[in-house]
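Quick note: the coordinates plus some simple rules give every number you see, no bench work behind them. Please read all numbers here as calculations on a predicted model, not as lab measurements. FYI the Cβ positions are ideal-geometry reconstructions off the backbone, even for glycines, and counts take in every protein chain you see.
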Amino acid sequence: MRLALLVLVLLCATGCPSEPPPPRPSPRPTPSAAAPATPVGSERGRALFQGTCAVCHGPKGLGLPGLGKDVTTSELVRKSSDDELVAFLVRGRAADHPDNSTGVPMPPRGGNASLSDDDLREIVAHLRWFSR
């Protein structure tokens, strides 16, 4: 018993704190350790763009000669509100429209009548990601 008490005293004298240690704060991720920022465009918006819009505007939105314009530098995309862009996508633009600079029609809903207005909003969010 004396031996156990002596061992306990020696251990506490050399390594046991007199008070319990304060609780450690939970680690907070630093900006570099945090998950990468999610692009404004969702995966769904990207998929919808790739499935419909990329046919004319290219997979990266840079446009295809004789078809769609570069949406990454488009003034229409940059200057329009999201609602205005959705309205534009709903109605499209005729080849002879005075604002059409390519002479190629932009079909309503990108030629995909099955796209809902919510789908178009997802596409607009993806366009915003392209043009940031």
Lys/Arg +1, Asp/Glu -1 at C-beta; the range 75-126 dipole; positive extreme among ALA125, VAL104, SER114: VAL104
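Would you mind ranking VAL77, VAL71, VAL55 by Cβ crowding within 10 Å, fewest neighbours first?
VAL55, VAL77, VAL71
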Is the range 58-106 rounded, prolate or oblate when judged by the Cα gyration tensor, a ≥ b ≥ c being the square roots of its eigenvalues, rounded requiring a/c under 1.5 and prolate requiring a/b larger than b/c? oblate
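Can you give the local net charge around LEU48? Use residues other than it whose beta-carbon is closer than 11 angstrom to its beta-carbon, Lys and Arg +1, Asp and Glu -1.
0
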If neighbour count is taken as other Cβ atoms inside 10 Å, put GLU122, GLU75 in order from fewest to most. GLU75, GLU122
What's the exposure ranking of LYS60, LYS79, going from fewest to most Cβ atoms within 10 Å? LYS79, LYS60
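Rounded, prolate or oblate for the range 80-119? Axes are the square roots of the Cα gyration tensor eigenvalues, ordered a ≥ b ≥ c, and the cut-off for rounded is a/c under 1.5. Present the calculation step by step, with values, prior to reporting the outcome.
On the way: a/c = 3.39, a/b = 1.46, b/c = 2.31.
Cα axes put the range 80-119 in the oblate bin.
Pull out a ≥ b ≥ c, the square roots of the eigenvalues of the alpha-carbon gyration tensor of the range 43-130, then state rounded if a/c is under 1.5, prolate if not and a/b is larger than b/c, and oblate in the remaining case.
Working: a/c = 1.33, a/b = 1.24, b/c = 1.07.
It comes out rounded by the Cα gyration axes.
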